[in-house]
1. Any chance the stretch 86-96 includes a residue that's part of a strand (DSSP E or B) and modelled with pLDDT of 95 or more?
2. Lys105 is checked against (1) assigned to a loop (DSSP other than H, G, I, E, B); (2) closer than 23 Å to Val36 by Cα; (3) of a type in the set (D, E, K, R) and fails just one. What number does that condition carry?
3. Quick one: count up the residues across the stretch 150-166 that are assigned to a strand (DSSP E or B), of a type outside the set (Gly, Ala, Ser) and either touching a helix residue (DSSP H, G or I) at 6+ places or on another chain (Cβ under 9 Å) or farther than 30 Å from Lys96 by Cα (or both).
4. Here are the criteria: (1) out of contact with any Lys or Arg (no Cβ under 7 Å at 6 or more places or on another chain); (2) under 26 Å from Gln194 (Cβ atoms); (3) in a strand (DSSP E or B); (4) not hydroxyl-bearing (Ser, Thr, Tyr). Tell me which single one Pro138 does not satisfy.
5. Applying the selection to the stretch 167-181, what residues are closer than 18 Å to Asp102 by Cα and either in a strand (DSSP E or B) or modelled with pLDDT under 95 (or both)?
6. Out of the residues in the stretch 1-60 meeting the condition of being more than 24 Å from the chain's Cα centre (by Cα), β-branched (Val, Ile, Thr) and modelled with pLDDT under 50, tell me which one is farthest from Pro110 (Cα to Cα).
7. How many of the residues in the stretch 56-72 are over 27 Å from Gly134 (Cβ atoms), out of contact with any helix residue (DSSP H, G or I) (no Cβ under 9 Å at 6 or more places or on another chain) and buried (at least 18 other Cβ atoms within 10 Å of the Cβ)?
8. If I ask for residues that are of a type outside the set (A, V, I, L, M), closer than 30 Å to Asp121 by Cβ and outside any loop (DSSP other than H, G, I, E, B), which ones from the stretch 57-83 would you list?
Amino acid sequence: MCRTLCLVLASVVTLTLLPALAQETAGGQVYRIDSVHSSAVFRIKHLDVSYFWGRFNDISGTATWDAARPEATSFDVRVNANSIDSKDAKRNTHLKGPDFFDTKKYRTLPFKSTSARKLDDTTIEVTGDLTLRGVTRPLTAKVEFTGAGKGMQGEAMVGFETTFTIKRSDFGINFAPDALGDDVRVIVSLEAHQAPPPRPAPAK
């Protein structure tokens, strides 16, 4: 009787947990973006003569990765608009103002993926929504899986990099069209970590 009851209870528990376990497996492992070792840089044409590069210094969010199922990859990335760095304080202030990113109203530049597909062993194509100044546009970009390893605390870590081009006018950034190009090339390189494994308890 006890054995039968135990088997029934075990079956109920297993059936109850299966959806959650399947969801965790299907979603892959979640890694938190390390802002210190991640980069977001951009390039824009100036006076139709040269290219100027700037960067954002604060990136956060998560990357979900399953090496066996690259199509389950997903990204939820947020760039702090106030972290823009153009190597000039006066220009930084202008870029944070209403002519450009209007950071008092729009503090972050979020990207959230909606799908992914494998292109080859190291490349996936990711589609999602990019939002600038409150305007959301679809974005599809090729993302390179740049490596995996262990961090300083033994935690699992992964890396990704992508390059894509957007039109600033698509997001309502139209200041000085005669001086600044419309196309903006963006390079994002991410390093992301899982929580470090728990340390063994000290011997008593």
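1. Within the stretch 86-96, not a single residue is part of a strand (DSSP E or B) and modelled with pLDDT of 95 or more.
2. With respect to (1) assigned to a loop (DSSP other than H, G, I, E, B); (2) closer than 23 Å to Val36 by Cα; (3) of a type in the set (D, E, K, R), Lys105 is out only on (2).
3. 3
4. Pro138 satisfies every listed condition except (2).
5. Selection gives Lys167, Leu180.
6. Only one residue fits best here, namely Thr4.
7. The total comes to 1.
8. Listed by number, the residues that qualify are Ser60, Gly61, Thr62, Thr64, Trp65, Pro70, Glu71, Ser74, Phe75, Asp76, Arg78.
The values are calculated or read from the model by the stated rules, or taken from the named source; none is laboratory data. Because the structure is predicted, anything quoted here is derived from the model rather than measured. Using ideal geometry, Cβ is built from the backbone for each residue, glycine included, and neighbour counts are taken over all protein chains shown.
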